[in-house]
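Report on the following structure.
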Amino acid sequence: WARSDYDSSVACSGPTFTELRNALEDCGGDVPEALLRVARDLARRAEVAEVRQILKLEDPRMTAQFGLVNTALDQAGSDVQRAAEELMKNPVVNKYLTKLKTREVLYDKMPMAHPTSKQLEKALDAADGNIDKAATLLEDDPVVQERAKEIHKEWTQVLEEANDKNDYNWQIFDNGWNNVDVEEVDPEPPSTPSPPARNILEFYPPRPRPVCPVGDSSMVLGAFDDGVSAARAAAVGITYRDVDYAEDIQPDGSFSLIALCNTQFEVQTTKPDGSDGLTFGSFWAAARRTVTHLGLLSPPRENGPNVGAQFASV
């Protein structure tokens, strides 16, 4: 395999061994036909990446699943610019973007609110597409309020339990004095006066930092591309283990999770049959009370690069 001279402004990885082998099997051992098929697939992946890049330039949060982009490219005769312009008018793409922005506005009003996709669509219809009005309607919705209280309670319990597991305490079993001898060395005088040392009492250590479920959290928003079979997604802490939060994936492939701010985490999925699915990441959560955008998460290519996001921004 030799990389073609296809002019693409977006980097796109070459074919994997598995893709080459499958193409050869599908073409009955016809090497030229198999290479042509792989080349066409590679060119289409590059075109899809370019279309998504144009959408991102229009709006950093705008994206489209592979199937939509592929259809748009077919209809536009592989014209990347035309396909991107058509997708910008696509109601599915615009609906996803509008719901995403509504979640952001609602997050400022009610940080623990995680409405479903149907609740978002209902509020947007009632508000004639006005994002601010839709967020206000959701904020006043008793169902959304009740769910936000449940999430606050669940997240608080998660943080408290994780804090206990990750907190290393010490205890004195036998009071008394211990003597340690060292050679006396006169230290060099400091060039600048040192700040006064913090007074920490031996038997009365400072109180641990209180857990703040709202202030120390970041909402994680994203969506899964075609080919990701998952019914549930979870933000699983890496910096601090046991800091996990899971939610059902919406019918449009979007998800809304919670992560501890300024920490590393990964997104683990569960298949509809309850078995473990794909794992994405790792990612870094944004600062406190800030939304973490993961963009569109695509399935991995076997023997290819690790799973990652099409774009990640905070």
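For the peptides 29-37, 223-231, 147-155, what is the packing order when you average, over each peptide's residues, the other Cβ atoms within 10 Å and list the highest mean first?
223-231, 147-155, 29-37
So for the pair residue 104, residue 289, with labels modelled 7 Å out along Cα→Cβ, what separation do we get in nm?
Taking the simple label geometry, residue 104 and residue 289 are separated by 1.8 nm.
Hey, any idea what Rg/Rh is for the stretch 215-303, computing Rh the Kirkwood way over Cα pairs?
Rounded to two decimals, Rg/Rh equals 0.96.
I want to make sure I understand the PRE zone here: with the label point 7 angstrom from the Cα of residue 118 toward its beta carbon, which residues in the stretch 143-161 have backbone N atoms less than 13 Å away?
none
Number of Lys-Lys pairs in the stretch 1-135 under 16 Å by Cα, sequence gap 8 or more or different chains?
The number of close lysine pairs in the stretch 1-135 is 17.
Near the amide H of residue 220, under 5 Å away, which other amide H atoms are found, from residues 5 or more places off or on another chain, if H is placed in the peptide plane?
Here the answer is 257, 258, 259, 292, since their amide H atoms fall under 5 Å of that of residue 220.
Viscosity 0.692 mPa s, temperature 37 °C: give me the Stokes-Einstein translational D for the stretch 239-291 in µm²/s, with Rh taken as the Kirkwood radius over C-alpha pairs.
Answer, rounded: 267 µm²/s.
In the stretch 270-289, whose amide N lies under 19 Å from the spot 7 Å out along Cα-to-Cβ of residue 231? List them in ranges.
270-279
Output wanted: per-residue J couplings in Hz (rounded whole) for the stretch 93-107, from phi through Karplus 6.51 cos²θ - 1.76 cosθ + 1.60, θ = phi - 60°, x for Gly and Pro.
5, 5, 5, 4, 5, 5, 5, 5, 5, 5, 4, 4, 5, 5, 4
Just add up the charged neighbours of residue 27: K/R +1, D/E -1, any other residue whose Cβ is under 15 Å from the Cβ of residue 27.
Net charge in that neighbourhood comes out at -3.
FYI, it's all coordinate maths here, none of it is from the lab. Predicted model, so just to flag it, every value in this text is computed and none were measured. Using ideal geometry, Cβ is built from the backbone for each residue, glycine included, and neighbour counts are taken over all protein chains shown.
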